[in-house]
Amino acid sequence: MSRLLPPFSALRAFEAAARHESFSAAGDELHVTHGAISRQIAAFEAWLGKPVFLRIGKRVKLTDDGRQYLDSVRAAFDSIALATERLRRAGTARVLRINALPTFAMKWLLPRLSRFQLEVPSVELKLSTSNAPLDALDDFDVAIHRGPGPWPHCASGHFLDESMIPVCSPALLKRLPIASADDLSRHVLLHADTRPDAWRDWFDAAGTPMKNRKKQSFDHFYLALQAAVDGLGVALGPLPLIDDELASGRLVMPLAGPRIGTRTYWWITPLERANEPLVAQFCAWLDAQARA
């Protein structure tokens, strides 16, 4: 039975123009002119027998029919892309592309990742780190961010909670004891640009003013934590990410509290990859590691 299908070039032009709601942007993406996109859309609408775009001056907007059609075309394109990727990967080593927040990757994920490699020895893991928003990332199978989202067109799951409490090196604590939040006035507070309000939130929870505190700032959270290990000051340590440092004695918690909650950790995967066995296995493995 033959299928009634429009020309693929027209579908590509429609999908790009509908996604951008711009013929010019679609032309830039597909490396053709604005006029070429306009002609393809006009021919496509003539073939359909109805318009899929409203022309409003120099702007274009999808009709209701066009918006419904876009959902189906996008799903079909995603399915074709996934099938193509599976075909290209058939018979080769499976690759799992993971993107994680830098401090999380260094302190929690990397020390455990060899366990997943042992469970799935045939997989090639490609780990990258970034603090960028999800929509700014390169292609990935699983991303790990603090959440919840929103993350459009993605499946996601919460797997790990985090709280923060002051930590420092044992040598620093011996030299300048800390018995209460007020004693922190004698210490340098280590700040991270990626968590600019963390200390303020902690002092609010402690009921102590933060004014006139000595501080040093770092562009990444893991640098502030390393500075605390090296005795440069007191950092806010994320539990359970620093469990190894606490267990080894490289860091200590001078105060019992308060512990302030932070945004939780979530795995995120594009919807079209959520049911891939390897992706599902890794997300389930993250859940299990967090519970353990």
| remark: Counted residues in segment 224-255 being in contact with a strand residue (DSSP E or B) (Cβ under 8 Å, 6 or more places away or on another chain), open to solvent by 10 Å² or more (accessible area, probe 1.4 Å) and hydrophobic (A, V, I, L, M, F, W, C) come to 6
| said: With the structure loaded, tell me whether Pro150 is under 25 Å from Arg291 (Cβ atoms), part of a loop (DSSP other than H, G, I, E, B) and not β-branched (Val, Ile, Thr) or whether it fails that test. | reply: no
| query | Residues that are touching a residue at least 40 places away in the same chain (Cβ under 8 Å) and either under 30 Å from Cys283 (Cβ atoms) or hydroxyl-bearing (Ser, Thr, Tyr) (or both): which helices (runs of 4 or more DSSP H) entirely in segment 1-114 hold 1 or more of them? | reply | 8-20, 64-89
| Which condition breaks for Val142 when tested against (1) open to solvent by 40 Å² or more (accessible area, probe 1.4 Å); (2) under 24 Å from Leu82 (Cα atoms)? | (1)
| task | Within segment 256-263, identify whether any single residue is open to solvent by less than 80 Å² (accessible area, probe 1.4 Å) and of a type in the set (Lys, Arg), and answer yes or no. | result | no
| task | Could you tell me which numbered condition Pro209 fails, if it satisfies all but one of (1) in contact (Cβ under 8 Å) with a residue 12 or more places away in the chain; (2) open to solvent by 60 Å² or more (accessible area, probe 1.4 Å); (3) not acidic (Asp, Glu); (4) not in a helix (DSSP H, G or I)? | result | (1)
| message | If Trp199 satisfies all but one of (1) surrounded by fewer than 18 Cβ atoms within 10 Å (Cβ to Cβ); (2) part of a helix (DSSP H, G or I), what's the number of the condition it fails? | response | (1)
| request: Sort out which residues of segment 264-284 are in a strand (DSSP E or B) and open to solvent by 20 Å² or more (accessible area, probe 1.4 Å), and write them in order of number. | output: Thr264, Trp266, Trp267
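The values are calculated or read from the model by the stated rules, or taken from the named source; none is laboratory data. Worth saying up front: this structure is predicted, and the values here are computed from it rather than measured. Note: ideal-geometry Cβ built from the backbone for every residue, glycine included; neighbour counts use all protein chains shown. The accessibility values were calculated without ligands, DNA or RNA, using every heavy atom of the protein model including side chains. Shrake-Rupley method; radii C 1.70, N 1.55, O 1.52, S 1.80 Å.
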